Every structure is written in C-alpha cells, then in structure tokens.
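Working notes, beginning with the structure itself.
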Amino acid sequence: MNNLFQSLKLISIQAINSLVLLTIFIAIFAIKRQLLPASIIFYESLIFSVIFIFTIWLLIQKYHLMENHTLLPAFLIILLFNSLIPTILDRSVSITVLATLNQCNKECSIEHLEKEFERVYLKKNQAVKKRVLEQISSKNVVEFNGRYNLTNQGKLTFEVMNVLTDVFNIDRSYIDQN
C-alpha cells in the first residue's frame with residue numbers, strides 16, 4: 001500500500017511540474033512570437049522547446065528546483081502542445097472555415113466557404129508559398145530558377161507518407177491528386 005502511495009505521489013509531482021513548465025513555456029513562447037516571430041512556426045516551436053528544456057535542465061543542475069526525471073514528461077507535453085495548438089492554428093483549414101462562418105451574417109453556402117478559403121487561406125495567407133518554404137527548409141524541396149523539385153529526401157518523405165496513408169486508411173486525394 002505504501003508503494004502505491006509513493007507511486008501516486010511521484011506521478012502527481014511529475015504532472016504538476018509538467019503543467020507548471022508547460023505554462024511557463026506557453027507564456028515565454030507567446031511573448032517570443034509577439035516580439036520575434038519566425039516564418040515557420042513548426043520548426044520555431046521545436047527549437048524553442050529544446051532550448052527551453054535545456055535551460056530548465058541547467059537551472060535544475062544549479063538550484064535543484066526539481067528532479068531531472070520530470071523533464072522528459074514536460075518536454076513531451078510541450079511537444080504535444082506545439083503540435084496541437086500553434087502549428088495547427090498556422091495551417092488549419094478548419095480554423096479558416098470556422099472564421100468564415102463566424103463572419104457570415106447568415107448561413108454560408110459551401111460555395112461561399114470554398115471561395116473564402118481560397119481568398120483567405122491560399123492567397124492572403126500565402127499558404128502554398130509558406131509550405132514550399134517550409135519544405136525547402138526541411139530539405140525536401142529545392143528551388144532552381146523559380147522552379148521547384150523534390151530532392152531525394154523529398155521523394156523518400158513522399159513515399160513514407162504514401163505508405164502511411166494506406167496504413168492508417170487516410171483519404172488518398174492529397175497523395176493521388178485526383
């Protein structure tokens with residue numbers, strides 16, 4: 001019974017520490033994004049997460065604020081947060097649709113939603129340009145004289161996505177382009 005309480009105590013401490021670190025990360029990252037936003041939020045959030053956790057690790061080493069083993073769960077929660085919130089907000093079709101519906105004075109038709117999606121998400125937000133620059137940064141795409149091609153890494157990435165699309169039974173229209 002004592003081991004159960006010790007385990008619950010350890011889990012509780014880790015959960016609290018992880019939530020505190022997540023809250024601190026969110027606050028600092030939000031300020032950083034307001035002052036110096038990077039163009040590719042996905043990579044920015046990953047790099048910032050590593051820097052944040054490393055800084056916390058240094059503080060733990062110096063001041064013994066908490067146990068080292070708390071950092072891994074906190075890091076994973078921060079990565080999950082980055083994947084689910086800032087990155088999705090930066091890319092989300094759903095967010096664009098919800099915002100369009102919010103702006104409608106009456107019910108919106110699918111045609112209106114599609115037209116607004118193209119105007120706002122694709123053109124105004126330059127979604128294609130952003131994703132191409134992201135893929136260049138990822139080394140999946142190379143640009144030469146205003147033309148873009150897949151690198152060998154990009155071809156491999158595409159093939160992995162192709163296989164994963166089948167493995168997880170995802171709509172193939174993005175892959176097949178039909």
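Any chance the range 109-119 includes a residue that's closer than 18 Å to F42 by Cα and surrounded by 12 or more Cβ atoms within 10 Å (Cβ to Cβ)?
No.
Can you pull out every residue in the range 27-59 that is surrounded by 15 or more Cβ atoms within 10 Å (Cβ to Cβ) and more than 26 Å from V132 (Cβ to Cβ)?
Correct list: F52, I53, I56.
Those residues that are closer than 23 Å to L46 by Cβ and either of a type in the set (S, T, N, Q) or surrounded by 14 or more Cβ atoms within 10 Å (Cβ to Cβ) (or both), I need them from the range 89-103; list them, please.
Within the range 89-103, D90, R91, S92, S94 meet the criteria.
Restricting the search to the range 134-156, which residues are in contact with a strand residue (DSSP E or B) (Cβ under 8 Å, 6 or more places away or on another chain) and not in a strand (DSSP E or B)?
Q135, I136, N140, T151, G154
Could you please let me know if E107 is of a type in the set (D, E) and either farther than 28 Å from Y174 by Cβ or modelled with pLDDT under 90 (or both)? Show your work before the answer.
Numbers: of a type in the set (D, E): yes; either farther than 28 Å from Y174 by Cβ or modelled with pLDDT under 90 (or both): yes.
Spelling it out, E107 is indeed of a type in the set (D, E) and either farther than 28 Å from Y174 by Cβ or modelled with pLDDT under 90 (or both).
Being closer than 20 Å to A38 by Cβ and more than 17 Å from the chain's Cα centre (by Cα): is that true of N105 here?
No; evaluated as a whole, the condition is false for this residue.
Based on this model, can you work out whether L98 counts as over 21 Å from V132 (Cα atoms) and in contact with a helix residue (DSSP H, G or I) (Cβ under 7 Å, 6 or more places away or on another chain)?
no
Does K106 count as without any contact (Cβ under 8 Å) to a residue 24 or more places away in the chain and under 28 Å from L46 (Cα atoms)? It would help to see each step written out before you state the result.
Working: without any contact (Cβ under 8 Å) to a residue 24 or more places away in the chain: yes; under 28 Å from L46 (Cα atoms): no.
Criteria not met by K106.
List the helices (runs of 4 or more DSSP H) inside the range 1-99, counting only whole elements, that have at least 2 residues being closer than 25 Å to F117 by Cβ. Break it down into steps so the answer makes sense when it comes.
On the way: elements: 2-35, 41-63, 71-84, 86-91.
Answer list for the range 1-99: 41-63, 71-84, 86-91.
The values are calculated or read from the model by the stated rules, or taken from the named source; none is laboratory data. All of these numbers come straight from a predicted model, not from anything done at the bench. So basically every Cβ, Gly included, is an ideal-geometry build from the backbone, and we count neighbours across all protein chains shown.
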